[in-house]
Each structure stands twice: as C-alpha cells, then as structure tokens.
Amino acid sequence: MHWIAIILTTAVLTLILYWLLITTEGVYLGRRIVVWLYDITAHKYDGIKEFDAEAEHFFLIRPLLVRLRRVPNPLVLDVATGTGRLPHFLLEAPTFNGRIIGLDASEKMLKLANEKLRPYGHRASLVQQVADQLPFPNNQFDLITCLEALEFFPSDTAALQEMIRVLKPGGTLLVTRRKGREGKAFIGRYRTVQQFEAHLRQLGLEDVHTNPWQTDYDQVFSRKPA
Ligand SMILES: C[S@@+](CC[C@H](N)C(=O)[O-])C[C@H]1O[C@@H](n2cnc3c(N)ncnc32)[C@H](O)[C@@H]1O
C-alpha cells in the first residue's frame, strides 16, 4: 500500500511538472522562467520547427505583402521574434522594400536571429526587451506581428495594448491564437475564436479576421482604426 502511494504521488508530480515546464513552457511560473527555458533551448529551436521556406512564403509572407502593397518603405515590428523567423522570410521576399525590428526577451534566441539576419544589414535590427514594455513612441509601425508567443506572456492584454499603442493608425496587426488540445491546456488563458476576436475588438481594433493556419495556431489579422 505504501509503495502504491509513492508511485501514484510520483506520477502526479511528474505530470504536473511536465504541464508546467513542457506543455505550457513555464508561463504559470513567471516570465523569468519562460525566458530562461528559451535561453537554454534556443540552439534546438530551428531544428525542432523545421520551417519550410515555401510554406512560410505562401501562408505567412504573401498575406502580409498584400496588406503592405500601398505602403512605401514599410516599418515592421516583430514582437517575440525568436530566432528571426518572420524578419528572415519577409526580407527574403523581393517585393518587400522596408525595414524590420525584431524584439525578444531571450538573449540566446536573439543571438541566433542576429546570425540569420546579418546578410540584410541595416534593414533588420534586434532589440532585447519584454513585450509589455515596447521601447518605441506611439504610432510608429505600419505592421506589427507576434507569432506563436502571446500565450507565453504574463498578460496578453498588456502586450496587445503596447502593440496597439506603437502601431500607426490604419496599420495591420497579425497575432496568433493558440488552439487545439495544447491550446486548451493553458488553463484560464485559452480563448475560443469568438472570444479572441471579441478581445481584440474590445481593445479598439477593427477588421478582425481569423485564418486557420497550423495545427496549433490560427493567424488573427486586425487593423488599428485610421
Ligand atoms: C515559440 S517562440 C516564437 C518565436 C517566433 N515568433 C517564431 O514564430 O518562431 C516564443 C518566443 O517568445 C519569446 N518570449 C516569451 N516571453 C516573452 C516576453 N514576455 N517578452 C518578449 N518575448 C518573450 C521567447 O523568448 C521566444 O523567443
């Protein structure tokens, strides 16, 4: 009986630890733990993700370029840029003639982004900062993106408010909504499509539109009123 209790307790504790550190990547333990987990696993990130250039261009970059087509020399901010996925694929597109700033809290993720973005010179720059304190004046960016990251911030609302503050009137915001079984594991933080869209509208955004994208994420586009 004694041994059964020990085995059951160990199993429950292992499950809780797995949920806290792997499934939800430390978000219930605070921002420092999230960033530390990204720092210690940064070297594996691109290998795990295996981004497919053709799919990235078709499903991610093409819709952004459509929204930027009337903006000369657009200025873009990628919040939680990680290893520079979005800046890299956007700058690779021959029709993109703007500049992009990638922001992330993890030093090690940014180190890898820096290597990837070096060929683009002054058109790409990187900033180490947290998403709910963006070091930019109001109304600066034509486009702000935040991919696969909102669910890891201490408050997605605070980060969204900052993104809206620094977005130009009429500018586009692209964020992702975590979905599926793993999305629902973010207890107290998960939002359905309707709840997520309503949340963006409550924050003052318009033209809110959800695009199914990957197994775990939807793309959600919106616009700051002009
Ligand atoms: C799953 S990765 C996504 C990276 C990139 N957007 C992509 O699509 O590959 C999540 C990123 O969010 C960053 N991050 C987590 N919490 C953050 C915070 N509070 N402020 C800024 N960045 C944060 C992590 O360092 C990590 O690089």
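The values are calculated or read from the model by the stated rules, or taken from the named source; none is laboratory data. Just so we're clear, the structure is a prediction, and the values are computed from it rather than from any experiment. Backbone-built Cβ (ideal geometry, glycine too); neighbour counts: all protein chains shown. Accessible surface areas use protein heavy atoms only, side chains included; no ligands, DNA or RNA. Shrake-Rupley method; radii C 1.70, N 1.55, O 1.52, S 1.80 Å.
One residue stands out among those in region 17-39 that are under 20 Å from Thr83 (Cα atoms) and part of a loop (DSSP other than H, G, I, E, B): the one that is farthest from the ligand (Cβ to nearest atom), which is Thr24.
Which residues, counting only those in region 118-140, are more than 16 Å from Asp104 (Cβ to Cβ) and of a type outside the set (Gly, Ala, Ser)? Passing the criteria: Arg118, Pro119, Tyr120, His122, Arg123, Pro137, Asn138, Asn139, Gln140. Arg67 fulfils the conditions (1) within 16 Å of the ligand (Cβ to nearest atom); (2) surrounded by 15 or more Cβ atoms within 10 Å (Cβ to Cβ); (3) charged (D, E, K, R) except for a single criterion, (1).
Checking region 128-135 against the condition returns no match, with no residue being touching an Asp or Glu at 6+ places or on another chain (Cβ under 9 Å) and either farther than 20 Å from Ser155 by Cβ or modelled with pLDDT under 95 (or both).
So that you can scan it fast, the table gives a plain yes or no per residue for (1) assigned by TED's automatic domain parsing to the domain that holds Leu29; (2) over 17 Å from the mean Cα position of the chain (by Cα); (3) of a type in the set (A, V, I, L, M, F, W, C):
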{"position": "Pro119", "(1), (2), (3)": "no, yes, no"}
{"position": "Ile164", "(1), (2), (3)": "no, no, yes"}
{"position": "Thr176", "(1), (2), (3)": "no, no, no"}
{"position": "Arg189", "(1), (2), (3)": "no, no, no"}
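The residue pairs whose first member lies in region 148-175 and is hydroxyl-bearing (Ser, Thr, Tyr), whose second member is in a strand (DSSP E or B) and near the ligand (Cβ under 9 Å from one of its atoms), and whose beta carbons are closer than 9 Å, counting only pairs six or more residues apart or on different chains, are Thr172/Thr145. Residue-level analysis places Asn114 among those that are under 26 Å from Gly26 (Cα atoms), free of Cβ contacts under 8 Å to residues at least 60 places away in the same chain and surrounded by fewer than 20 Cβ atoms within 10 Å (Cβ to Cβ). Every test in (1) more than 21 Å from Lys168 (Cα to Cα); (2) charged (D, E, K, R); (3) away from the ligand (no atom under 13 Å from the Cβ) is passed by Arg123 save one, and that test is (1). Among the candidates Phe58, Phe51, which residue alone is within 9 Å of the ligand (Cβ to nearest atom), open to solvent by 40 Å² or more (accessible area, probe 1.4 Å) and over 26 Å from Asp132 (Cβ atoms)? Only one candidate passes the filter, namely Phe51.
Scan region 78-94 and tell me whether some residue there is assigned by TED's automatic domain parsing to the domain that holds Ala131, open to solvent by 20 Å² or more (accessible area, probe 1.4 Å) and either assigned to a loop (DSSP other than H, G, I, E, B) or within 27 Å of Tyr190 (Cα to Cα) (or both).
Looking for residues that are assigned by TED's automatic domain parsing to the domain that holds Ala131, open to solvent by 20 Å² or more (accessible area, probe 1.4 Å) and either assigned to a loop (DSSP other than H, G, I, E, B) or within 27 Å of Tyr190 (Cα to Cα) (or both), one finds at least one in region 78-94, hence yes.
Of all residues being more than 23 Å from Ala159 (Cα to Cα) and either under 16 Å from the mean Cα position of the chain (by Cα) or of a type in the set (Phe, Trp, Tyr) (or both) in region 7-44, which is least open to solvent (accessible area, probe 1.4 Å)? Just the residue, please. The selected residue is Trp19. Against the list (1) part of a helix (DSSP H, G or I); (2) modelled with pLDDT of 95 or more, the condition Arg181 fails is (2).
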